[in-house]
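The values are calculated or read from the model by the stated rules, or taken from the named source; none is laboratory data. The structure displayed is predicted, hence computed values, not measured ones. For neighbour counting, all protein chains shown are included, and Cβ atoms are generated from backbone atoms with ideal geometry for every residue, glycine included. Just so you know, the surface numbers come from the protein's heavy atoms only, side chains and all, with ligands and any DNA or RNA stripped out. Shrake-Rupley method; radii C 1.70, N 1.55, O 1.52, S 1.80 Å.
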Amino acid sequence: MTLFSFLDPKPLSYDEIDYERMPRTYRRIASHFKLPRIVHVVGTNGKGTTGRFLAQMLRHNGFRVGHYTSPHILRFNERIWIDGDDVQDAILETYHQKLLSWLDAKEAQALSYFEYTTLLAMAIFCDFCDYVVLEAGLGGEFDATNVFPKILSIVTPIGYDHQDFLGDTIEAIATTKLNSIANDFVLAAQYEASVEVLARQKAQSLHVTMVQPHFDAKTSYMLESYVSSYTNAPFLINNFKTAFCALTFLGYDITFESFSVAMLQGRHQKILPNVTLDVGHNAMAALALAQSFEGKKVGLIYNCYKDKDYRAILKLLAPIIEEIYVIAIQSPRAVDEALLYETAKEYGLKISSFQAIDPQKEYVVFGSFSVAEAFLKGIK
């Protein structure tokens, strides 16, 4: 059975919660994995760009580097990045067949989509990489990525998201994510003071080192000046600083004159002269987006899933919205569009169905990976 025919029937999220399934399966086949050095990235927002920045910095130091992200926008291959390129179909298929040969049929079928693809990615990375930057899914302690031993963890900003799985308070969400830490870690600048308190307690209880992206004035200016040539988004500058902090903690540096950064697809990405694509989908991402476009008015091409706090998101984005354009997404999880129209009316925002891009206006595509997919397929 080919990879994509095997994955198609699998649920995109856990059909039933079995926190021991992934650890149990990995323990049984662990002898097949000659693991590279792993940096584990957990958090709510900024995992993808922070991880990609670090992966590129390590590659700049002469290492073969893999980066695992999720979900993808258009092609599954986006999830597995090796030395600057998405993984090739032939490699995916070869290692899929290897992985199936290591698992018994019942085991393979029992794994969730994310669990199986995490094992697949690591099987590939073992043969191609010196370092792997491994992004957790929605969790931390019980995430499929947490079965692999790591040399360092990075904790990106933690906020409200996936409360059904992670808890209803910042403290509960942070605890779940911080419980994935087993050794030294980098703590990114946080929106919630309680996260830093919990992180310090974690470091003390484990007797490990916690470092933060605090730099002297000269280094901070150098970092900000470099990233500003690529983006003016404050959160991306912070993510770059977090990655650089991790790099220096690992004992490496970069030469800015020869280093060139490539932004991760869909993360505050300028895809047209007047269109920015951002796959942020929670209130923290909305706040960061509003700060990036402060003082401007843009058309917001938007939709979301019914479990997202669209009211809070639209309220945070209201100062930069000229008009909301609702784009259709093909998902049973999509929110009832009538609720978006009601919320827009309540906040005094113009709203209509998305039809086309006006070259004289500026737009932001925001809401989820499904929104990004719908828009990109439409413009193609």
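Of the residues making up the range 90-119, not one is open to solvent by less than 10 Å² (accessible area, probe 1.4 Å) and touching a His at 6+ places or on another chain (Cβ under 6 Å). Filter the range 26-52 down to residues that are hydroxyl-bearing (S, T, Y) and either in contact with a Ser or Thr (Cβ under 7 Å, 6 or more places away or on another chain) or surrounded by 22 or more Cβ atoms within 10 Å (Cβ to Cβ) (or both) and give me whichever is modelled with the lowest pLDDT. Residue satisfying both the conditions and the ranking: T44.
Quick one: is M22 more than 23 Å from V195 (Cβ to Cβ), within 18 Å of the chain's Cα centre (by Cα) and modelled with pLDDT of 95 or more? Spell out how you get there, then give the answer.
Values: more than 23 Å from V195 (Cβ to Cβ): yes; within 18 Å of the chain's Cα centre (by Cα): no; modelled with pLDDT of 95 or more: yes.
It is false that M22 is more than 23 Å from V195 (Cβ to Cβ), within 18 Å of the chain's Cα centre (by Cα) and modelled with pLDDT of 95 or more.
The listed residues are S220, S225, and the only one of them that is hydroxyl-bearing (S, T, Y), outside any strand (DSSP E or B) and in contact (Cβ under 8 Å) with a residue 12 or more places away in the chain turns out to be S220. Return the residues of the range 196-217 that are assigned to a loop (DSSP other than H, G, I, E, B) and either touching a strand residue (DSSP E or B) at 6+ places or on another chain (Cβ under 9 Å) or β-branched (V, I, T) (or both); say none if nothing qualifies. Those that are assigned to a loop (DSSP other than H, G, I, E, B) and either touching a strand residue (DSSP E or B) at 6+ places or on another chain (Cβ under 9 Å) or β-branched (V, I, T) (or both): V208, T209, Q212, P213.
Taken together, the residues in the range 331-362 that are in contact with a helix residue (DSSP H, G or I) (Cβ under 7 Å, 6 or more places away or on another chain), under 11 Å from L314 (Cβ atoms) and not aliphatic (A, V, I, L, M) amount to 2. Look at (1) within 17 Å of the chain's Cα centre (by Cα); (2) farther than 25 Å from Y305 by Cβ and you find that I158 fails only one, number (2). Take the range 53-85 and flag every residue that is in a helix (DSSP H, G or I) and open to solvent by less than 20 Å² (accessible area, probe 1.4 Å). Listed by number, the residues that qualify are F53, L54, A55, M57, L58, F76, N77, R79.
Of the strands (runs of 3 or more DSSP E) lying entirely inside the range 123-195, the ones with 2 or more residues being in contact with a strand residue (DSSP E or B) (Cβ under 8 Å, 6 or more places away or on another chain) and either free of Cβ contacts under 8 Å to residues at least 40 places away in the same chain or surrounded by fewer than 17 Cβ atoms within 10 Å (Cβ to Cβ) (or both) are found at 185-187.
More than 17 Å from the chain's Cα centre (by Cα) and in contact (Cβ under 8 Å) with a residue 12 or more places away in the chain: is that true of D89 in this structure? Break it down into steps so the answer makes sense when it comes.
Numbers: more than 17 Å from the chain's Cα centre (by Cα): yes; in contact (Cβ under 8 Å) with a residue 12 or more places away in the chain: yes.
Yes; evaluated as a whole, the condition is true for this residue.
Within the range 1-18, restricting attention to residues that are surrounded by 13 or more Cβ atoms within 10 Å (Cβ to Cβ) and among the aromatic types (F, W, Y), the residue that is modelled with the highest pLDDT is F6. Quick check on K270: is it open to solvent by 10 Å² or more (accessible area, probe 1.4 Å), touching a His at 6+ places or on another chain (Cβ under 9 Å), at pLDDT below 95 and farther than 30 Å from I151 by Cβ? No; evaluated as a whole, the condition is false for this residue.
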